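First up is the structure itself, then whatever we jot down about it.
Since every read-out is calculated from the coordinates, none of them should be taken as a lab result. Since the structure is predicted, the reported quantities are computational estimates derived from the model, not experimental observations. Cβ coordinates were reconstructed from backbone atoms using ideal geometry, including for glycine residues, and neighbour counts include every protein chain displayed.
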Amino acid sequence: MIDMYLLYFLMIFAAVSAVGVVTFRNIFHGAICLGAMLLGIAGIYLIMGAEFVFAVQVLVYVGGILTLILFAIMLTSKIADRSILQANEQKTVSFLISAITLFVLIYAIVKTPFTTVQGPFIVVDTARIGKSLFLNNILPFEVISILLLAALVGAIVLARKDIKK
Amino acid sequence: MFELTATVLLCPLAAFVLITFFTGKSEKISSLVSMVAMAVSLLSSLLIFALILSAPGDYELKIPWINILKDLPIEMGVLLNPVSSVMLMVVCTVSLFVQIYSVGYMHNDEGYSKYYSFISLFSFSMLGLVIANNLLQLYIFWELVGLCSYLLIGHWYHKPDAANAAKKAFVVTRFGDFGLLIAVIFLACKTGTFNFLEIERVIGSGILSPAAVTAVALLIFCGAAGKSAQFPLHIWLPDAMEGPTPISALIHAATMVAAGVYLVIRTYFIFDLSGTALSVIAIIGCSTAFMAGSIAIVQDDIKKVLAYSTISQLGYMMLALGVHGYTAGYFHLITHATFKALLFLGAGSVIHSLHTNNIWEMGRLFKNMKVTAVTFLIGGLALSGVYPTSGFFSKDAILIQTLESGHYVLFAVAFLTAGFTAFYMARVFFVVFLSKEKFSGKHPHESPAVMYVPLILLATLAVGLGFFSEGFSRLIFFGKINEPEHAVLIPLLSNLSAIGAIVLAWAIYQKELISAAALEQRFAFVHKFLKNKYYIDEMYVFCVKNILFVVSNAAGWFDRHIVDGAVNGAFYLTSSAAGALRKLQTGMVQNYAVGIFGGVILLWFFMNMMK
Amino acid sequence: MIAIQELLIFNSVIFAIGIYGALTRRNTIGILMSIELIFNSACLNFIVFGKYLYPSLLSGDIFVLFIITVAAAEVAVALALLLCIYRNSKNIFIEKISLMRG
């Protein structure tokens, strides 16, 4: 039962944080909200028994990506000004579109009959994930490593200052 | 035989290409190339004629050309028979003589090479027209000779008169060509072929109603009337005299203007089926002959006299064709080609010497230009139809034919016209060569040999051709051989009237027994009427001003406001729509993203509606 | 245990908020963060489907791991690009970068 309440709490927490991400004028506050939302989602993962994914979410997202974003915000300091309007003129249209999208999705979800498995969430232990990654999914794993490497090289090349100048 | 035909046809074309692209700078080489090509063509055509003579008949070569239309194969081809082979010879002969003559006449002219290249092109087109075995090919060459005529009339294009005359010739003949084009298309649609022999076979089987045959015949005659300067499309020919005189001899006397007559001869199987069309031809031919003959009497310009005389003689040919005088008409075409070319070249010789066209500024040239005078006299006698020149045989054949076919009124008019012919030729001859000197300070001299040798040769032909008339009528006939009647009365009468007219002219213009001025005063109205060429040009101007301009102004308004309006409107619509739409391309990625998501939503709605 | 629909609807909400943010944020980094929201909602969707429909399989977890990895790579490149743009134009407002204007 506690799990359930906790889940609801986390869901509301994450949703509110998400709204914060897109509405805060100060992009820095938005980034903090993003961190909160990511943690909320991580909590949901944990409750649903995806422990390894929880760990990765916290480590990579909160520890890596969010830090990176904060770095970027600080490097381009001017944009952190409060005074600058952060939303553009197509606010209403965008709101309409996202509302209709939401409606469409909810409509689809409600209309679809799911045959779900009852019972508590099964906790996936890390060993199974490790086996699965390195046995069944070894090819995607290696491909993703190459992608990461490429992204690493690409990011360095793009972000460094031009030496010739 | 077809190899020879290719030679005949391609030599002038090669000369044209050579002169235009290579030898244009060197005048001597240009004229030499042109003349050599023409001489080869003449030899080949003589050989062809000899071959045809040994075995008369139709020889046809067909080369498929365009086979896009399943029911209407388009071909190029050659049709050799007595008719076309004789015409080949005539064209080559006159063309060669004119080219030789032009060496002298066009001496020191700026456009010397251009002149020879166009003459070569003209010869090629004319020969192609003659040997065409189908209507489409004939039509193509028909337009080509028209183009050459335009180019050569406008040889001295810097003179406004010449440029205008060229334009006039082109536009007026176009009226007729339009009719011919319709006839060609109509025939092709109805018979499924352009080929003369096949059309003849198909039409002979009676596929067309008599009314359709008459219509086709009249439309073809329309084209023929335009080219052969028949009333009311004759007005371009006198103006065409603005071109160089040898051109008048070649194109506007001997060959191109005869193309109309030749066309009627080639398609005579159509005309033969329609009595109405034949009557129309006969009447138009006869009235043209009379009208032009009468106008020629009062002309002061030596070339204009000859031009009206040409129109008149073409009228004779048409008259002959209209009264079933197939052989007579064609024979007159050939004899006329020789002696009219001769007369024009003679006139050119005089003009070359005196630099004027006005006969009243000449006089007593006989003592200075004996060869020219004698050959001109021979030409004049031939034109007047005096025995034993060729004109006598051909013209009397026409008169006899007209009488025999029972057209008494036409005969009377034609007979009168023959008198006119003799009179105006005599008038020109006396005034130019025999009467008192009317030029001063000029020293006329005989033309150089290159000019008078062709005159002598043509004069020989003009006299000699008449004696081939019997052989000719055995070679060229429509249906059955038309044995020449050895009528005595009509030749005698016509000769007498011709001589009478000559004597009259002698009395008026040489001895001045009767005052020309007094005659003019007495018949002031007639004189004025003739001087103004029956007011036909004025009639055209009136029509153009009152009908054409009104219609074209209306059409112009329609074009400017409705058609252009539609076009401009389309432009305005496009540009304003584009101007509005380009605002969609804001360059802002988020606008595009809105489009993407909005599109997804719309898609979802559509799919739901489809359900 | 709560119903699958509730979790899915929560995901949809996050997704819609993400779309709204991506469409409205003027700041490029803001757009990037909104895209992270969308990624997270998708990830959670995988987990939810995996847990509720095929609890014995690991595909949901594995997929999420891959998505997180790709997202990390994407963010690294995107931020590098952004720094590049900022260095060149001293600006990262997306409407100022409108070279595609017609």
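So for B:605, B:430, fewest C-beta neighbours within 10 Å to most, what's the order? The partial results should precede the final answer.
Values: B:605 12, B:430 20.
The order, fewest Cβ neighbours first, is B:605, B:430.
Across peptide A:142-149, the mean count of Cβ atoms from other chains lying within 10 Å of each residue's own Cβ comes to 2. With the charge dipole of the protein assembly as shown set up from +1 on Lys and Arg Cβ and -1 on Asp and Glu Cβ about the Cα centre, the Cα lying farthest toward the positive end among the listed residues A:151, B:463, A:6 is that of A:6.
Take the alpha-carbon positions of chain B, form their convex hull, and give its projected area averaged over all directions (one quarter of the hull surface) in nm². Spell out each step's value before the answer.
Values: hull surface 155.8 nm².
Averaging across all directions leaves 38.9 nm² for the Cα convex hull.
In segment B:55-140, which trypsin sites (Lys or Arg not before Pro) fall in coil by DSSP and have 13 or fewer other Cβ atoms within 10 Å?
Loop-located and lightly packed - B:70.
Between residue B:560 and residue A:150, what FRET efficiency comes out of the Förster formula 1/(1 + (r/R0)^6) with R0 = 45 Å and r the beta carbon distance, rounded to 0.05?
Numbers: r = 65 Å, r/R0 = 1.45.
The formula returns an efficiency of 0.10 here.
Remark: segment B:402-416, residue by residue, has Karplus-estimated 3J(HN,Hα) of 4, 5, 5, 6, x, 8, 6, 5, 4, 4, 4, 5, 5, 5, 4 Hz, where x stands for each Gly or Pro and the curve is 6.51 cos²θ - 1.76 cosθ + 1.60 at θ = phi - 60°. The Cβ shell under 13 Å around residue B:260 holds other residues with a net charge of +1, Lys and Arg each +1, Asp and Glu each -1. For residue B:190, the lysines whose Cα comes closer than 18 Å to its Cα, not counting residues fewer than 8 places off in the same chain, are B:70.
Placing R0 at 22 angstrom, the Cβ-Cβ distance between residue A:26 and residue C:90 gives a FRET efficiency of 0.65 after rounding to 0.05.
Counting only Cβ charges, +1 for Lys and Arg and -1 for Asp and Glu, the dipole size of segment C:4-89 around its Cα centre is about 280 debye. Starting from one equal scatterer on each C-alpha and no solvent at all, send me the Debye-based log10 I(q)/I(0) for the protein assembly as shown at q = 0.09, 0.10 Å⁻¹, two decimals. Those come out to -0.85, -1.03, one per q. The alpha carbon centroids of segment B:587-609 and segment B:85-107 are separated by 82 Å. In straight Cα distance, which lysines are under 24 Å from residue C:51, not counting same-chain residues fewer than 8 positions off? In chain and number order, the partners are A:111, A:131. Ranked by how many other Cβ atoms sit within 10 Å of their own Cβ, fewest first, the residues B:324, B:443, B:355, B:332 fall in the order B:443, B:355, B:324, B:332. Pairs B:28/B:62; B:304/B:511; B:367/B:531; B:159/B:304; B:62/B:114: which are spaced more than 27 Å apart, C-alpha to C-alpha? Over 27 Å apart, Cα to Cα: B:28/B:62; B:367/B:531; B:62/B:114.
In peptide B:595-603, how many Cβ atoms from other protein chains are near each Cβ within 10 Å, on average? If you can, show how the numbers build up before the last one.
On the way: counts 1, 2, 10, 6, 0, 4, 6, 1, 0.
Mean partner shielding for this stretch: 3.
Evaluated with a Cβ-only charge set (Lys, Arg +1; Asp, Glu -1), chain B carries a dipole of roughly 1060 debye about its Cα centre, given to the nearest 20. With the simple model of a label 7 Å out from the Cα in the direction of the Cβ, residue B:74 to residue B:438 spans 5.4 nm. Between residue B:538 and residue B:450, residue separation times 0.36 nm minus the direct Cα-Cα distance comes to 27.6 nm. For residue B:178 and residue B:22, the difference between the fully extended length at 0.36 nm per residue and the C-alpha to C-alpha distance is 52.6 nm.
Projecting the Cα positions of C:50, C:40, C:21 onto the charge dipole of segment C:4-89 (unit charges on Cβ atoms of Lys, Arg, Asp and Glu, taken about the Cα centre) puts C:21 furthest along the positive direction. One Cα centroid belongs to segment B:506-558, the other to segment C:33-60; the line between them spans 104 Å.
Would you compute, from DSSP H runs of 4+ residues alone, the mean residue ellipticity of chain B at 222 nm, taking -39500 (n - 2.57) per run and dividing by the full residue count, rounded to the nearest 500? Provide the component values of the computation, followed by the final result.
Values: 27 runs with 429 residues, N = 611.
Result for chain B: -23000 deg cm²/dmol, rounded to the nearest 500.
Neighbouring Cβ atoms from other chains, within 10 Å of the Cβ of residues in A:39-51, number 4 on average.
Within chain C, what's the longest stretch lacking trypsin sites (Lys or Arg not before Pro) that sit in DSSP loops with no more than 12 other Cβ atoms inside 10 Å? Don't skip to the answer; put the middle values down first.
On the way: sites that count: C:90, C:101.
Counting at most 12 other Cβ atoms within 10 Å as exposed, the longest clean stretch of chain C is C:1-89.
Computed from phi, the 3J(HN,Hα) profile of segment B:277-293 under the Karplus parametrisation 6.51, -1.76, 1.60 (θ = phi - 60°) reads 4, 4, 4, 4, 4, 4, 5, 5, x, 5, 5, 4, 4, 5, 4, 5, x Hz, with x in place of Gly and Pro.
About its Cα centre, the protein assembly as shown has a charge dipole of approximately 2180 debye under the convention of +1 per Lys or Arg Cβ and -1 per Asp or Glu Cβ, with nothing else charged. Listed by chain and number, the aspartates and glutamates whose C-alpha is less than 13 Å from the C-alpha of residue B:303, apart from same-chain residues fewer than 8 away, are B:239, B:242. With contacts taken as Cα pairs under 8 Å at a separation of at least 6 residues, chain A carries a relative contact order of 21 percent.
Given R0 = 56 Å, the distance between the Cβ atoms of residue B:14 and residue B:526 translates into a calculated FRET efficiency of 0.60.
Across chain B, C-alpha contacts under 8 Å between residues 6 or more apart give a mean separation that, scaled by the residue count, equals a relative contact order of 11 percent. Over the C-alpha trace of chain A, radius of gyration and Dmax come out as 20.3, 64 angstrom. In segment A:126-165, which residues have a backbone nitrogen under 16 Å from the label point lying 7 Å from residue C:59's Cα in the Cα-to-Cβ direction? It comes to A:132-133, A:136-138, A:140, nothing else. Once backbone amide H atoms are built at 1.01 Å from N, residue B:195 has B:135 as its partners under 5 Å, excluding neighbours fewer than 5 places away on the same chain.
Under a 5 Å amide H cut-off, with hydrogens placed 1.01 Å from N, residue B:75 pairs with B:65, B:66 among residues at least 5 apart or on other chains. When each of the peptides A:143-151, B:301-309, B:518-526 is scored by the mean number of other C-beta atoms lying within 10 Å of its residues, the order from highest to lowest reads B:301-309, A:143-151, B:518-526. Taking the Cα centre of each part, how many Å lie between segment B:378-452 and segment B:1-65? Using only Cα atoms to place each centre, the spacing works out to 33 Å.
Ranked for footprinting exposure by Cβ neighbours inside 10 Å, fewest first, B:236, B:65 give B:65, B:236. 3J(HN,Hα) along segment B:7-20, derived from phi through the Karplus expression 6.51 cos²θ - 1.76 cosθ + 1.60 where θ = phi - 60°, amounts to 4, 4, 7, 7, 4, x, 5, 4, 4, 4, 5, 4, 5, 5 Hz, with x in place of Gly and Pro. Each Cα pair under 8 Å and six or more residues apart adds its sequence gap; the mean of these over the residue count of segment C:4-89 is a relative contact order of 25 percent.
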